[in-house]
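J.: Here it is: the structure, laid out below.
The values are calculated or read from the model by the stated rules, or taken from the named source; none is laboratory data. Just so you know, these numbers come straight off a predicted model, no measurement behind them. Reconstructed Cβ throughout: ideal geometry from the backbone, glycine too, with neighbour counts over all protein chains shown. For the accessible areas, the whole protein counts, side chains as well, though only heavy atoms, and no ligand, DNA or RNA atoms are used. Shrake-Rupley method; radii C 1.70, N 1.55, O 1.52, S 1.80 Å.
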Amino acid sequence: LLGSLGALASTIGGVMYMHSFTGGGTLLCLGLGMILYTMFVWWRDVIRESTYEGHHTFVVQLGPRYGMILSIVSEVMFFSASLRAFSHSSLAPTVEIGAIWPPKGISVLDPWGIPFPNTPILLPSGA
């Protein structure tokens with residue numbers, strides 16, 4: 001309950017702060033503090049339960065493993081769906097976009113401009 005109220009307060013406070021409302025920054029900081037407190041108490045209890053009380057048996061440890069596997073699988077599915085949608089649009093452009101790719105009125109980035117220096121930065125970050 002405290003974590004969800006903190007998320008709500010930080011969202012509303014962030015919007016208020018970005019639109020220069022009075023008290024927006026205070027509400028944002030209060031919400032972030034509530035979230036950080038919830039994270040601290042939650043992880044403290046998890047470490048206490050697993051280390052000192054021995055509640056994390058093999059069956060309990062399967063949950064986070066399956067969660068991580070499903071998270072990675074969902075990222076792969078999202079990437080492949082995005083790639084498929086782009087490939088479909090570029091290889092078979094429809095009449096609605098003028099039957100050309102890229103659509104008329106869209107300016108294309110120069111691949112040797114911004115994208116090229118970003119690629120050597122991005123690749124080592126994955127390692």
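J.: Of the chymotrypsin sites (Phe, Trp or Tyr not before Pro) in the stretch 33-127, which ones lie in a loop per DSSP and count no more than 15 other C-beta atoms within 10 Å?
T.: Within the stretch 33-127, the qualifying chymotrypsin sites (Phe, Trp or Tyr not before Pro) (loop, at most 15 other Cβ atoms within 10 Å) are TYR52, TRP112.
J.: Could you check the spin-label model distance between ALA81 and VAL15? Points 7 Å from the Cα along Cα→Cβ, value in nm.
T.: 2.6
J.: Another question about this same structure. Hey, what does the equivalent ellipsoid look like for the stretch 57-105, semi-axes from the Cα gyration tensor as sqrt of 5 times each eigenvalue, largest first, whole Å?
T.: Working through the eigenvalues yields semi-axes of 42, 7, 6 Å.
J.: Just from its helices, what would the mean residue ellipticity at 222 nm be for the chain, if runs of 4 or more DSSP H residues each count -39500 (n - 2.57) and the sum is divided by every residue, rounded to the nearest 500 deg cm²/dmol? Display every interim value, and only then the final one.
T.: Numbers: 4 runs with 91 residues, N = 127.
After summing the helix terms and dividing by residue count, I get -25000 deg cm²/dmol.
J.: What size of dipole, in debye to the nearest 20, comes out for the chain about its Cα centre when the only charges are +1 on Lys and Arg C-beta atoms and -1 on Asp and Glu C-beta atoms?
T.: 60
J.: Could you tell me what percent of the accessible area of the stretch 1-56 is made up of carbon and sulfur, with a 1.4 Å probe and every protein chain present?
T.: Numbers: 3040 of 4270 Å².
Carbon and sulfur atoms account for 71 percent of the accessible area of the stretch 1-56.
J.: Where the centroid of each part is defined by its Cα atoms, how far is the stretch 1-59 from the stretch 70-93 in Å?
T.: A separation of 33 Å, based on Cα centres.
J.: Just to verify a number: FRET efficiency for ARG44 and SER74, C-beta to C-beta distance, R0 = 35 Å, to 0.05?
T.: The formula returns an efficiency of 0.75 here.
J.: Using the heavy atoms of the protein chains alone and a 1.4 angstrom probe, what is the accessible area of the chain per residue in square angstrom?
T.: For the chain, the solvent-accessible area averages 83 Å² per residue.
J.: Largest first and to the nearest Å, give the Cα extent of the chain along each principal axis.
T.: Each principal axis gives a Cα extent; for the chain these are 63, 50, 32 Å.
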